[in-house]
1. Hey, how many Å between the Cα centroid of region 264-281 and the Cα centroid of region 100-167?
2. Using +1 at the C-beta of Lys and Arg and -1 at the C-beta of Asp and Glu, which of Val286, Ala270, Gln313 has the Cα lying farthest in the positive direction of the dipole of region 262-335?
3. Hey, got a sec? Which GluC sites (Glu not before Pro) in region 351-413 land in a DSSP loop and have at most 13 other Cβ atoms within 10 Å?
4. Work out the charge dipole of region 61-165 with +1 on the Cβ of Lys and Arg and -1 on the Cβ of Asp and Glu about the Cα centre, then indicate which of Asn144, Ala112, His64 is farthest towards its positive end.
5. Let me have the 222 nm mean residue ellipticity of the chain computed from DSSP H runs of 4+ only, each contributing -39500 (n - 2.57), with the sum over all residues rounded to the nearest 500.
6. With angles folded into 0 to 90 degrees, how steeply does helix 109-140 sit against the dominant principal axis of the chain? Use alpha carbons for both and round to 10.
7. I need the calculated FRET efficiency for the pair His251 and Trp70, taking r as the beta carbon distance and R₀ as 45 Å, to the nearest 0.05.
8. Starting from the Cα-Cα distance between Leu194 and Thr106, subtract it from 0.36 nm times their residue separation and give me the gain in nm to one decimal.
Amino acid sequence: MATSRNVSVSAHETGVGLRQPIRPFSLREWTAWVRSWAYPAGSRRDLRIDFLRGFCVFAMIVDHIGGDSWLYLFTGGNRFFVSAAEGFVFISGLVMGQAYARKIATEGLPEAMLEALRRARKLYLTTVTLTLFFVALYLFTNANLWVDRSTGLGVEAIDELIVGTLTLHFTYNGTDILNMYTILILASPLLFLLLSFGAGRGVLIGSWLLWWAYQHFPAQAAIPWPIANSVAFPVAAWQVLFVSGLTLGYHRDHVANFLCRLPRIRVLIAFVAAAIWLIVLSLFWVEETQRTVMFLGFNAGPDNLSEAFEKVQLRPGRLMAFAALGILSYVLTTIAWKPISSAFGWLLLPLGQNALYAYIMHFFFILLIYNVHPESIVEGAPASVTGTLLHMATIVLLWWMVKRELLFRWVPR
């Protein structure tokens, strides 16, 4: 008995055969775990930018296809105060500025300028080809197009249309943003010349003065020339996003080093962006509910809000909303990169790294959807269900094409 009792006591004292209590994480361990989510420093290519551009592609496809969809909760449904278009144009400039700054440093300014012109040539050929392709569909078929057929082509003579297309004076069926992008890339060698001589401040001042002039004198400030059917993306207004992104990308290392030395400034910028974003969300709720409130002496009624956040002319409210969302999105992907990229990186990174390809190919998906009507296959299902499934299927199929590198030889990326 004594031996048995001693063995029992020994087992109890040593904890053999007993389950150990679960020790909760300490605050230090929780902090270390959360910090481990952060984006790793030192990578040459900033995957956060690719990820965010991939989301812009995702939102653009969903909004352009249209219909009912639950995904509008994430994309804004082209009704919110900021859209994928602003991010698409700004990030295009940002990435180009960063890439060509390295090219200028390694290969010299002349080679970088020639490379930009070669890219502009490829974009020009793509823009002209797509414009003439959609015009041919309008003239020789009854296919449903993205634009309303009843509005016509906007020109009367076919020779006028062809010359206008070749000289970038005519767009059709959504090629207006490609037209604008071609013009901006054509202007980029001059911008890189100025930036290489240290005139970044002058570039920004000139760009923002042109934007300001278009807000007040749109007819007089319209540059480089009038473009038929290009009412959604006037170059004089939208260049401010591209040029600002290009300049920031060109000087990104200097800006990053400056912010690293001033951590409090980074925190302040994030808090200001968060405050602006909360105001934007509140004002959007005011517009959606058709209310009228006074905000800082401003009559925040639906009509005034629509004007303050107007998309075509890129009004100040819209720029502030985009800046706030852009900063918060970048901060979020910085501090929580690992869980975010693990969940969505497989989809958004390939789309973001091939954004121009995705934009060009989505025209053909829209053409297919508008004429085949695949949503009618699922009879009796709510429109929001079929719309959501259609959007998701389109995005996944486009992702598959990117992974397979279909037509990469001919379609710009």
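1. After rounding, the separation between the Cα centres reads 39 Å.
2. Most positive-ward Cα: Ala270.
3. Numbers: sites: Glu375, Glu379, Glu405; in loops: Glu379, Glu405.
Counting only loop positions with at most 13 other Cβ atoms within 10 Å, the GluC sites (Glu not before Pro) in region 351-413 are Glu379, Glu405.
4. Positive-most Cα among the choices belongs to Ala112.
5. Values: 18 runs with 288 residues, N = 413.
When only DSSP H runs of four or more count, the value is -23000 deg cm²/dmol.
6. That works out to roughly 70 degrees.
7. Values: r = 40 Å, r/R0 = 0.90.
It comes to 0.65.
8. Working: separation 88, 0.36 × 88 = 31.68 nm, distance 1.78 nm.
Here the answer is 29.9 nm.
Read-outs throughout are calculated quantities, based only on the coordinates presented, and are distinct from any laboratory measurement. If you're wondering where the values come from, they're calculated on a predicted model, not measured in any experiment. As a convention, Cβ positions derive from the backbone with ideal geometry for all residues, glycine included, and neighbour counts pool all protein chains shown.
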